[in-house]
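> One structure follows; several queries about it will come next.
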Amino acid sequence: MPVSEDNYGFQESLFDMGPDEEVGYRVPIACQVAGITYRQLDYWARTDLVKPSIRTAQGSGSQRLYSFKDILVLKIVKGLLDTGISLQNIRLAVEQLEVMGVDDLAGITLVSDGHTVYQCRSNEEVIDLLAGGQGVFGIAVPGIMKELTGTIAQFEAERVDLSSEPVDELAARRRRKIS
């Protein structure tokens, strides 16, 4: 099914902000919504598997902020790991996903033979892959997006002004306490 605003009208409300704003989710929310542990999230961030695109940890007291797309990729990584794909092959798949926009991700199905992860953009591509004996399982990204959108709406998001310089939260608290 082609991606259109009718299929994914929720994206407009999630991403319709000023040019210097974005919505981010803190680590506990990202973990809960993606279905992963804090240790997994921390390891993936430190090893650059899935980095927070809104704000990285910058010293003691700062907090990472993950975008909707980041959390979507976290859920995809979790799904791939649960099916037994090696972390090395997941890294290759994530590199391809990182350059895609949310609308692009909404139109793909990931299919794997247990080693390689393939992107399919149509039902015909999935059928061709299966007919060739390559596909073992698939992850329908549009389904994950729909589930994620419903789940994440229940949590508090943090609006971030991208035009301002990042501030170490602990240092900012100390400055306020001294004043």
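> How far, in nm, would the chain grow between Arg121 and Tyr38 when pulled straight, counting 0.36 nm per residue and subtracting the alpha carbon separation?
Contour length minus the Cα-Cα distance gives 26.7 nm.
> What do you get for Rg/Rh of the range 37-145 when both radii come from the Cα atoms and Rh is the Kirkwood radius?
1.01
> For Ile139, list long-range residues whose amide hydrogen, built 1.01 Å from N in the peptide plane, is under 5 Å from its own amide hydrogen.
Distant-sequence amide H within range of Ile139: Leu110, Val111.
Rule-based calculations on the coordinates, nothing more; no lab input. Every value quoted in this text rests on a predicted model; they were computed, and no experiment measured them.
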